[in-house]
1. Can you name the residue in the range 140-156 that is of a type in the set (A, V, I, L, M, F, W, C) and within 16 Å of Phe208 (Cα to Cα) and, of all such residues, is surrounded by the most Cβ atoms within 10 Å (Cβ to Cβ)?
2. Against the condition closer than 18 Å to Cys168 by Cβ and in contact with a Lys or Arg (Cβ under 8 Å, 6 or more places away or on another chain), how does Lys112 come out, does it pass?
3. Return yes or no: is Ile14 under 13 Å from the mean Cα position of the chain (by Cα), within 24 Å of His278 (Cα to Cα) and of a type in the set (Val, Ile, Thr)?
4. Any residue that is farther than 25 Å from Asp206 by Cβ and modelled with pLDDT under 95 - is there at least one of those in the range 133-146?
5. In this structure, does Ile246 turn out to be of a type in the set (Val, Ile, Thr), out of contact with any helix residue (DSSP H, G or I) (no Cβ under 6 Å at 6 or more places or on another chain) and either modelled with pLDDT of 95 or more or part of a strand (DSSP E or B) (or both)?
6. Do you know which residues across the range 167-200 are of a type in the set (S, T, N, Q), over 21 Å from Val118 (Cβ atoms) and in contact (Cβ under 8 Å) with a residue 40 or more places away in the chain?
7. Under 7 Å between Cβ atoms, at least 6 apart or on separate chains: pull out the pairs that start in the range 135-162 with a residue that is assigned to a loop (DSSP other than H, G, I, E, B) and end on any residue that is of a type in the set (A, V, I, L, M, F, W, C).
Amino acid sequence: MHTVVRSQSKEVVIGPDQPFCIIGERINPTGRKAFGEDLRAGDLSQIVVDVEEQVAGGAHMLDVNMGIPFVDEAELLAEAIELVQEHTDLPICIDSSVVEALEAGLEAYQGKALVNSVTCERERLDRILPLVKKHGAAIICLTNDETGIPETAAARIEICAQLIDIACGEYAIPIEDIVIDPLAMTVGADPQAVVNTLETIEGIRDQFDLNMTLGGSNISFGLPGRHALNAAFLAVASRAGLTSAIMDARTPQIVEACRAADLLLSRDEWGTKWIAAHREAQAAVS
């Protein structure tokens, strides 16, 4: 199963036989007080810095989120997407919980976007899926519903089946344009959290053969040594069937773990991408 997203000039293919897709998470004001204040003041210059750093780090796509209080999020998200497109040809993951902002972002985007995201809540699905269909986008679907986040892999897999029935059966969205988020929770709060996520990934892979993504740093929240934990998790999750992650593309330890997994899992034939990245890094410091 291949999920294809594209900008005006660049195409990215997400799939189990493709290199792990790194979706840069940085263009997001959550937890970034100064960035949020700049955005409220109409200063979008930090976005350009974030684009450049993530492209240099090895991102294949960029997530763009403008979710801050006391702004017109729809207008700001459209402006941010246009700015990002001026500075990179990487495809964009349009990220908002506000339907009007998603619509504005899709209108501004030139290419086939990935929409982030929708839960299995009927009202949300009925508002967001028509936009996805209209714009020919791909969509990240989260495996939680009105009752919250299921504790077991079996319950998350059942929600995945419901999402497929609605998106494909009722809205005629191609199944390859559905990317499932199996939900990564912090292991610091629940020792079984990562095991549950990995079991969900394996189940969705085996039953539906869908592409999957998640927040790559969620599992380490509140713990020390987060980069090491995130790197280890993404390598293991990649083997289980995870094909992409929204993650920190500026952190070499995490990016290298994904590239190493590609080589070790036969997604980087003869290690050509691994060797090229190593040589590029050496040249940058010489």
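The values are calculated or read from the model by the stated rules, or taken from the named source; none is laboratory data. For clarity, every value in this text was computed on a predicted model and none was experimentally measured. Using ideal geometry, Cβ is built from the backbone for each residue, glycine included, and neighbour counts are taken over all protein chains shown.
1. Only one residue tops the list, namely Cys141.
2. Yes, satisfied.
3. It is true that Ile14 is under 13 Å from the mean Cα position of the chain (by Cα), within 24 Å of His278 (Cα to Cα) and of a type in the set (Val, Ile, Thr).
4. yes
5. Spelling it out, Ile246 is indeed of a type in the set (Val, Ile, Thr), out of contact with any helix residue (DSSP H, G or I) (no Cβ under 6 Å at 6 or more places or on another chain) and either modelled with pLDDT of 95 or more or part of a strand (DSSP E or B) (or both).
6. Within the range 167-200, Asn196 is the sole residue that qualifies.
7. Every condition considered, the pairs that remain are Ala137/Leu106; Ala137/Ala113; Ala137/Leu114; Ala137/Val115; Ile149/Leu183; Pro150/Ile159.
Listed here are the residues, each with its yes/no results for (1) buried (at least 17 other Cβ atoms within 10 Å of the Cβ); (2) at positive phi; (3) of a type in the set (Gly, Ala, Ser).
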position	(1), (2), (3)
Ile166	yes, no, no
Phe221	no, no, no
Arg239	no, no, no
Ala245	yes, no, yes
